[in-house]
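Peer 1: Starting off with a structure, shown below.
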């Protein structure tokens, strides 16, 4: 268990903007945080506490009141999953899926819009060309500066 000798209080959160803006991104840390949030973000509190207190390395051999030893924590590597496939069974399943897919082919027909829809879209395109002609675009900086009214 982590001990804190004296309480710490803060009334304001102060952020050094220069240090914040110049900080380099730590993509490994970001990936770890994203994984933890994805895995535990909507977990039940009791489930999370059980994991932290009974399944994390620093807590495995800790006794009440001990200072936790975080040096025993290994690198944050995702769990590796090894899948062994029965090639013959996989080939058989692939063949069955291909046969069933043939039955569904006639059901998959491309939808075709009405001629009325095509005509309306053509009119829309012509109107948009008139309103928003293509070509070079120029922006005057004076248009971006707010004017005092």
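The numbers here are math on the coordinates, done by the rules we state, and not lab data. All values derive from a computational prediction rather than experimental measurement. Here the Cβ is made from the backbone with ideal geometry for all residues, glycine too, and neighbour counts use every protein chain on show.
Peer 1: Run the simple label-point estimate for residue 28 and residue 130 please: 7 Å along Cα→C-beta, distance reported in nm.
Peer 2: 6.2
Peer 1: Could you check the simple spin-label distance between residue 42 and residue 57, using points 7 Å along Cα→Cβ, in nm with one decimal?
Peer 2: Roughly 3.1 nm, to one decimal.
Peer 1: Further question: Classify region 29-120 as rounded, prolate or oblate from the Cα gyration tensor: take a ≥ b ≥ c as the square roots of its eigenvalues, call it rounded if a/c is under 1.5, otherwise prolate when a/b beats b/c and oblate if not.
Peer 2: Prolate, since a/c reaches 1.5 and a/b exceeds b/c.
Peer 1: Would you give the gap between the C-alpha center of region 116-149 and the C-alpha center of region 34-68, rounded to a whole Å?
Peer 2: Spelled out, the Cα-based centre of one part sits 56 Å from the other.
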